[in-house]
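As structure tokens, the structure follows; a few thoughts come after it.
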Amino acid sequence: MPASLCGTWDMISNVNFDGYMSALGISVYLRKIALRLKLRKVIEQQGDQYIIKTLSTFRNYAISFKTGQVFEEFTKGLDNRHIKSTVTWQGNKLTCEQVGEKKNRGWAHWVEGDKLHLELHCDGEVCKQVFKKNVNE
Ligand code: VL7
């Protein structure tokens, strides 16, 4: 069993978020705002049902899904695209494939020690974010 992703996690590093956002076609204006944000992840799980919230002072975003079942995702307030997403466990990584207009789009979450890792990819761009567990929330 992989380590639980559940909890509240606060971003401590963010590499190539700008490249990832560029690949998604986000404007320079929005990218500048987004780059300053300290994102928080709140992850809840009941069996194979998950909720992942991405929180910030600027915008929030949430998805809810069951592993192994394709779902319609609308990336509201992000790049505003409709995509078909599927989340599955690949070893210790919770991975999502996001099929739509953008090629090779998806993400993977995993836990290493007391850190939550997230790799976001789109086209050839890979963004790497690391989060530290927030034990107060
Ligand atoms: C979600 C943002 C940048 C537009 C606003 C920035 C506001 C806060 O897919 C993601 O998370 C997965 C895995 O944890 C679960 O949904 C990443 C943030 C990526 C892409 C687009 C900039 C405008 C960001 C919501």
Exercise for review: Output the Cα-based Rg and Dmax of region 1-66 in Å, rounding Rg to one decimal and Dmax to a whole number.
Suggested key: 13.8, 42
Revision key, fill the gap. To the nearest 0.05, the calculated FRET efficiency linking Gln46 and Lys133 through their beta-carbon distance, R0 being 22 Å, is 0.65
Check your understanding: Fully extended, how many nm does the chain gain between Val70 and Asp123 (0.36 nm per residue separation, minus their Cα-Cα distance)?
Key -> 17.0 nm
Check your understanding: Can you give the calculated 222 nm mean residue ellipticity of the chain, where each DSSP H run of n ≥ 4 adds -39,500 (n - 2.57) and the sum is split over every residue, rounded to the nearest 500 deg cm²/dmol?
Key -> -3000 deg cm²/dmol
Exercise for review: Using θ = phi - 60° and the Karplus relation 6.51 cos²θ - 1.76 cosθ + 1.60, list the HN-Hα couplings for region 4-11 in order, rounded to whole Hz, with x at every Gly or Pro.
Suggested key: 5, 8, 5, x, 10, 10, 10, 4
Review point. Can you list the HN-Hα couplings for region 21-28, worked out from phi with the Karplus curve (6.51, -1.76, 1.60; θ = phi - 60°), rounded to whole Hz and with x for Gly and Pro?
Key: 5, 4, 4, 7, x, 6, 5, 4
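Bear in mind that the values in this text are calculations on the coordinates, not laboratory data. Please read these numbers as outputs of a predicted model, since none were measured by experiment. Cβ sites come from the backbone with ideal geometry, for glycine too, and all protein chains shown count toward neighbours.
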